[in-house]
1. Looking at the chain, which Cys residues are left with no other cysteine's beta carbon under 4.7 Å from theirs?
2. Have a look at Pro44, Gln67, Ser9 and report the one farthest towards the positive end of the charge dipole of the stretch 1-81, computed about the Cα centre with Cβ charges (Lys/Arg +1, Asp/Glu -1).
3. With +1 assigned to the C-beta of every Lys and Arg and -1 to the C-beta of every Asp and Glu, and no other charges, what is the dipole magnitude of the stretch 1-58 about the Cα centre in debye, to the nearest 20?
4. Over the chain, what percent of the accessible surface lies on carbon and sulfur atoms, probe 1.4 Å?
5. Helix 17-32 versus the longest principal axis of the chain: what angle, 0 to 90°, nearest 10, using Cα atoms?
6. So which GluC sites (Glu not before Pro) in the stretch 1-61 pass both tests, a DSSP loop state and at most 12 other Cβ atoms within 10 Å of the Cβ?
7. Per the helix-only calculation at 222 nm, which mean residue ellipticity applies to the chain, given -39500 (n - 2.57) for every DSSP H run of n ≥ 4 and division by its residues, nearest 500 deg cm²/dmol?
8. By how many nm would the segment from Arg40 to Ala66 lengthen if fully extended, with 0.36 nm per residue of separation less the alpha-carbon distance?
Amino acid sequence: MCERCDGFSERFRVNTGYEYRALVRQLHELVLRNTFKLVRGTCPLEDVLNSPTWPGNSIYHLFECAQCSRRFQLGVETYYGSGGAWEMVISDSPSSQPS
């Protein structure tokens with residue numbers, strides 16, 4: 001870990017669509033500031049922010065610290081409304097990622 005991503009290592013649950021969009025807005029800003037790099041996702045971050053509906057039944061984004069390359073994921077299940085979570089990625093194996 002490093003100074004840039006130290007404060008992001010704690011896992012936390014995202015319970016509502018409002019919380020999720022607020023978090024995506026913050027992460028989008030951190031990507032623009034080059035704190036994080038967006039490695040991959042099921043849709044562009046802008047789609048989450050600008051669309052009146054969800055851009056998918058489950059949305060997933062993988063971020064990487066621009067300084068130390070530590071990875072973090074944000075995922076949410078929109079179809080069932082079960083929420084989602086922000087967490088540090090322990091393993092980047094294909095089995096640890098949503099399909």
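The values are calculated or read from the model by the stated rules, or taken from the named source; none is laboratory data. In this text, all values refer to a predicted model and were calculated from it rather than measured experimentally. Here the Cβ positions follow ideal geometry from the backbone for every residue, glycine too, while neighbour counts run over all protein chains shown. What goes into the accessible areas is simple: the full protein's heavy atoms, side chains included, and nothing from ligands, DNA or RNA. Shrake-Rupley method; radii C 1.70, N 1.55, O 1.52, S 1.80 Å.
1. Cys43
2. Gln67
3. Roughly 80 debye for the stretch 1-58.
4. 47
5. Tilt of helix 17-32: around 40 degrees.
6. In loop regions of the stretch 1-61 (DSSP not H, G, I, E or B), the sparsely surrounded GluC sites (Glu not before Pro) are Glu3, Glu10.
7. After summing the helix terms and dividing by residue count, I get -6500 deg cm²/dmol.
8. Stretched fully, the Arg40-Ala66 segment lengthens by 7.9 nm.
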